[in-house]
Every structure is written in C-alpha cells, then in structure tokens.
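The values are calculated or read from the model by the stated rules, or taken from the named source; none is laboratory data. Computed from a predicted model, the values in this text were never measured in an experiment. Heads up, the Cβs are rebuilt from the backbone with ideal geometry, glycines too, and the neighbour counts pull from every protein chain shown. All accessible areas refer to the heavy atoms of the entire protein, side chains included, with ligands and DNA or RNA removed. Shrake-Rupley method; radii C 1.70, N 1.55, O 1.52, S 1.80 Å.
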Amino acid sequence: MNWDWEIFFQDPGGQHTTYLEWLMSAWGWTLSVSLLALLLALLMGFMIGTLRTLPKHPGWVLFGTGWTELFRNIPLLLQIFLWYHVIPALVPPLKELSGFVLVVLALGFFTSARISEQVYSGIRALPKGQFYAAQALGMTTWQSYRYVILPRAGRIILPPLVNEMMSIVKNSSVAFAVSVSELTLFALQVQEETARGVEVYLAVTGLYVVSALAINLLMGQIERRVQIPGLVLPGATGGGH
Amino acid sequence: MIELKQVSKWYGAVQVLNDCSAQIHKGEVVVVCGPSGSGKSTLIKTINALEPIQQGEIWVDSIPLHDPKTNLPKLRSRVGMVFQHFELFPHLSVTENLTLAQVKVLGRSLDEAKKHGLEYLERVGLIAHKDKFPGQLSGGQQQRVAIARALSMDPIVMLFDEPTSALDPEMVGEVLDVMVSLAKEGMTMVVVTHEMGFARKVSNRVIFMDVGGRILEDCSRDEFFGNPDARQPRTREFLDKILHH
C-alpha cells in the first residue's frame, strides 16, 4: 500500500492554506464542543443528581428523575437532530442559535443525564450516618452537601466520571450531522476531496485517541491528589478505564 | 432542659415510639437501655430532630422541636451528638473535622476554631494525631475525636447513641473514661448504651425501653439497680440476662 502523508501539506483551496491546518482547526472544534458540553454536563449532572436525593422535596426528585430518563433514553444522534430541527420550530428564539451551540446543548444535556445517575448513586452509596453527623453539627442541608456529601460522593464516582469525560470527546463526533466542522466532518469531506481516506481517517483517529488519553492522564493525577489517606474505597484507585 | 411529651413515631404502619414522655434536667446523666428494636436510638435521635415525630411534643431549652417554624440547624448546633459508627468525615483531617462546623455553622474564625477544637482534642488525649485522617486512627481514637468534635461546638447537652457498641472490647474503656470525666464535670448527657457499669457509676437516672417503643421504667439509678422487686417483669428479665455474665 502506498502512503501519501504529503497530502496534509497540500492546499485545499478555500479558507485553510493546508489540509493540516484544516485538521488542526477541526480538532479545535472537537475540543471546544467537548469541553463546553462537559462543563454543562458536570454542572447539570451534579445539580440534577443531587436534587434526586433530597428526601423532603418530592417535586425536585420527580423533576430530576424525569430529566435523567428523558435525556438518557433517546439516541444521541436523534437528540442532535431534535435540537436542530424540532426544538427551534417549537421555540422560535432558538432559531438564532448556531449549530455549534445546539450541539453543545444536546451533548451537554445527554451527558448530564448520565452524570446525574452517577452522582445519585454516589450519594446513595454513602452511609446515612454521614448526613446525620453533618446535620447534628448544625449544618443546613446545603452545607451538608457542600462540605460532606458531595466531596465524598465525588471521589467515589471519579472513575466512572473519567469514563464519561472520555466519552464526551468521542460522542462529539455526532456534531458532523449538523455541519459543525469538527474532526469527523473533516474526515468525511477531505476523504471525498482527496480520495486519501486511509491517511485522513488514521490522522483523525489518532487525534481522538490523543484527546481521550490526555483526559485520562490528567484525571489520573487528580484522582491521586484527592485520595483520602487511610481510606480504601472499592474502585477508588486506578486510572478510571 | 429537655422535655418529651407523649411522643409517638411510626415507620409506615410500624410504631417505633409509643407515647414516650420523659424529662431531662440540666446536669443530669440519663442512661437509656433496652433490647434491640425498642426504639432507644430513634428516641435519642428525636431529641435533635434527626428523626421527625408524628405525635407529641419535644422541648429543648424551651424551644419546641415539633414546631415546623423552629430553626432546626440552629438548635442542632447546640446539641452535641456522638454516633455508634463515629461518623467522622473521612476526607477531612482530624483538625478539619473539629473546625468545620465551628466555622461554617457558628461563624467562628478558623484560628479561634482551631484553638478551641485542639483544646478538646488535647482533653481526649489525641493532640498528637491532629493532622491525621480518620482512616488512620483506631476505632476508639475515632470515637474520642468525635466526642471532641461535638464538644467543640459548646453544646448544652450531649447525646450518645451506643457510643461503644461498634468498638473492639479493648477500646471501650478509653471512650468510657472520656464520658465519665464529662459526666463528672456536670455535662448534661443522654446515653443510649448497654454498658451497665457506666450506668451504675455515673448515671443519675435510667430509662428502660421495650420492644414497640414504650418507656417501661424511668427511675433513679439506685432504684433501678438496687430495688429489683419494684421493677417490671420485663425489666427484671433484661437485667438478669445482661448482668449475670
């Protein structure tokens, strides 16, 4: 088989001077979609997962459960199309939003449902006495969660959370479906233009792997840093694969 | 200081507290004992509203706990509690365990809270462990830290929920020693325990509960241990079983 990596230094014509530059720009879009969606997913996931554990607020529990079931039971690709085609038709102001923003919302909410499930189980895995102890010291429900429950639950769910962070990079590839010029769309277009599918797909594959591994390494560091001395929790060590 | 008036509580259809009334005065040490499932732990948890009640009244320092308008966090900050399983916060160091609620709940400065907390840590004999984490201490040490943590809040009363029953036998003594010295200093204490030695030595009163959440006996220590003939048959049976080994 003949490799032709020179292809990346050719001029595609258009806004990019080389295919390499286009590739890097596409990588940038992939990372931007992923990071913004991740921020949204963490924020909503922790909030919704926490709401679902508030025993005295059945309304919030119902809302949180509804949110989780809604966003995790519809295929991600379909959710992208729903955000792109259906929701703006129902809520006209959303027509102003770019495909990029809609993809961030779709991917963020989809992932928030999965994170909410993890946060919920993490909190439920703690002995009830921890909540009692926080309350007995006079902490409000908010303070108990802020200083005791969430720091502990967060550590318990770190490995599956890392998994979710790596998934979000991979899932961001669905953005091609609404023409966000990220890595997968790049691969589709450039393979068509140049007929060098093997090189193009390998390069894109490499960048996805590098991105996910970087997250894994970074989170491994964080995991070691927040490890609780003297406490061995099942699944609390290791790299979160 | 604490008054329970005809308190009842149900878990679904199961009644766990049945018309319980009792009074605890300032400086008193009251031991609550009885068989498993008699509602002792539930009863003590109602005194700081960790367990809600469906019927009756509970007054702590003239504040009505049964009133939905009562600021429960504020009240709880004045009632110290020690749990069977210690419930230190494992992600925080011993010092942080002692200071967290002082700072966040009482609004003390960190320096002030540290100074205050470490005084109590010194008292329970663990000052050398101030920078360790709970997971690095033995059960007895953890329970002593938990007592120091509760005392750091300067509570008006201390509640102990089976403080020694999760401990290795060798470590029971060190925890009881701390409790005895507290009692001798005049701390108001409510103690759920099977340690009849402790009850005999320092308690003023003994409350005996039976299955179904009823208070069968509420009398002075001397009466409870010294006058078995005046006790209910159920109480005599219980005492026979736990005292004659």
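Dipole check for the range A:5-226: with +1 at the C-beta of Lys and Arg, -1 at the C-beta of Asp and Glu, and the Cα centre as origin, the magnitude is about 1460 Debye.
Between A:Ser25, A:Ser121, A:Ser144, the GNM of chain A built on Cα springs shorter than 10 angstrom shows A:Ser144 fluctuating the most. Within the accessible area of the range A:5-226, the carbon and sulfur atoms contribute 68%, probe 1.4 Å, all protein chains present. Take the Cβ-Cβ distance between B:Ile156 and B:Ser21 as r, set R0 to 30 Å, and report the resulting FRET efficiency rounded to the nearest 0.05. About 0.90, to the nearest 0.05. For chain A, the relative contact order comes to 24 percent (Cα pairs under 8 Å, sequence separation of at least 6). Compactness ratio for chain B: Cα radius of gyration over 2.2 N^0.38 Å (N = residue count) comes to 1.01. The 3J(HN,Hα) values that the Karplus relation (6.51, -1.76, 1.60; θ = phi - 60°) gives for the range A:28-42 are, in residue order, x, 5, 4, 5, 5, 4, 5, 5, 5, 5, 5, 4, 4, 5, 5 Hz. Gly and Pro appear as x. Across the range A:107-241, Cα pairs under 8 Å and at least six residues apart give a relative contact order of 28 percent. Averaged over peptide B:49-58, the number of partner chain Cβ atoms lying within 10 Å of each residue's Cβ comes to 1. Estimated purely from DSSP H runs of n ≥ 4, each contributing -39500 (n - 2.57), the mean residue ellipticity at 222 nm for chain B is -11000 deg cm²/dmol once divided by its residues. Interface B-A: total buried accessible area of about 2000 Å², 1.4 Å probe, protein heavy atoms only.
Positive contributions from Lys and Arg (+1) and negative ones from Asp and Glu (-1), summed over other residues with Cβ under 15 Å from the Cβ of A:Leu70, come out at +1. Between B:Gln232 and B:Leu110, the modelled labels are 5.3 nm apart [label points 7 Å from Cα along Cα→Cβ].
Just want to confirm a number: the relative contact order over chain B, from Cα pairs under 8 angstrom separated by 6+ residues, in percent. Before the final figure, lay out the partial values.
On the way: 453 pairs, mean separation 66.9, N = 245.
For chain B, the relative contact order is 27 percent.
Per residue of A:126-134, other chain Cβ atoms within 10 Å of the residue Cβ number 6 on average.
Residues in the range A:5-226 average 48 Å² of solvent-accessible surface per residue, probe 1.4 Å, ligands and nucleic acids excluded. Here chain B is assigned +1 on the Cβ of each Lys and Arg and -1 on the Cβ of each Asp and Glu. Its dipole about the Cα centre then comes out at about 400 debye. Pairs exceeding 24 Å between alpha-carbon atoms, taken from B:Lys5/B:Lys241; A:Lys56/B:Lys9; B:Lys26/B:Lys104; A:Lys128/B:Lys74; B:Lys74/B:Lys184: B:Lys5/B:Lys241; B:Lys26/B:Lys104; B:Lys74/B:Lys184.
Note on chain B: with neighbouring protein chains present and a 1.4 Å probe, carbon and sulfur make up 48 percent of its accessible heavy-atom surface. For the range B:85-129, a decrease in accessible area of 30 Å² or greater in the assembled protein chains relative to the isolated chain, with a 1.4 Å probe, applies to B:Glu87, B:Phe89, B:Pro90, B:His91, B:Leu100, B:Ala101, B:Lys104, B:Val105.
Each part reduced to its alpha carbon centroid, the range B:156-182 and the range A:57-93 end up 52 Å apart. Taking A:Leu158, A:Leu207, A:Leu188 in turn, the Gaussian network model of chain A (Cα-Cα springs below 10 Å) assigns the largest fluctuation to A:Leu188.
For the protein assembly as shown, the Kirkwood estimate of hydrodynamic radius, built from reciprocal distances between every pair of different alpha carbons, is 26.4 Å.
Within the range B:79-155, the proportion of Cα pairs with more than 21 Å between them is 14 percent. Each listed q (0.11, 0.18 Å⁻¹) maps to a log10 I(q)/I(0) for the range A:5-226, found by the Debye formula over equal Cα scatterers with no solvent: -0.65, -1.24.
With 0.36 nm allotted per residue and the present C-alpha distance subtracted, the A:Leu126-A:Trp5 stretch has 38.2 nm of extension available. Here is how the number arises for chain A: DSSP H runs of 4 or more residues each give -39500 (n - 2.57), the sum is divided by the residue count, and the result at 222 nm is -21500 deg cm²/dmol.
What is the sum of charges around A:Arg146, taking Lys and Arg as +1, Asp and Glu as -1, for the other residues whose C-beta is under 12 Å from the C-beta of A:Arg146?
+2
Between A:Glu21 and B:Asp67, the simple label model (points 7 Å from Cα in the Cβ direction) yields a spacing of 7.5 nm. The coefficient of translational diffusion for the range A:62-133, derived via Stokes-Einstein from the alpha carbon Kirkwood radius under 20 °C and 1.002 mPa s, stands at 155 µm²/s. Between B:Ser138 and A:Leu54, the FRET efficiency from the beta-carbon distance, with R0 = 41 Å, is close to 0.70. Counting other Cβ atoms within 10 Å, which GluC sites (Glu not before Pro) in the range B:155-198 have at most 10 and lie in a DSSP loop? Passing both the DSSP loop test and the Cβ count: B:Glu185. Across the alpha-carbon set of the range A:140-241, the Rg to Rh ratio works out to 1.18, Rh being the Kirkwood radius.
Across peptide B:151-157, the mean count of Cβ atoms from other chains lying within 10 Å of each residue's own Cβ comes to 1.
Please give the per residue accessible area of the range B:134-225, computed with a probe of 1.4 Å over protein heavy atoms only, in Å².
34
Under 10 Å, Cα contacts only: if you run a Gaussian network model on chain B, which one of B:Asp218, B:Asp229, B:Asp131 comes out with the highest mean-square fluctuation? Its mean-square fluctuation being the largest, the pick is B:Asp229.
Taking every DSSP beta bridge that has both ends in the protein assembly as shown, the antiparallel portion is near 55%.
Taking every DSSP beta bridge that has both ends in chain B, the antiparallel portion is near 55%. Beta bridges from DSSP with both residues in the range B:152-231: antiparallel share about 60 percent, rounded to the nearest 5.
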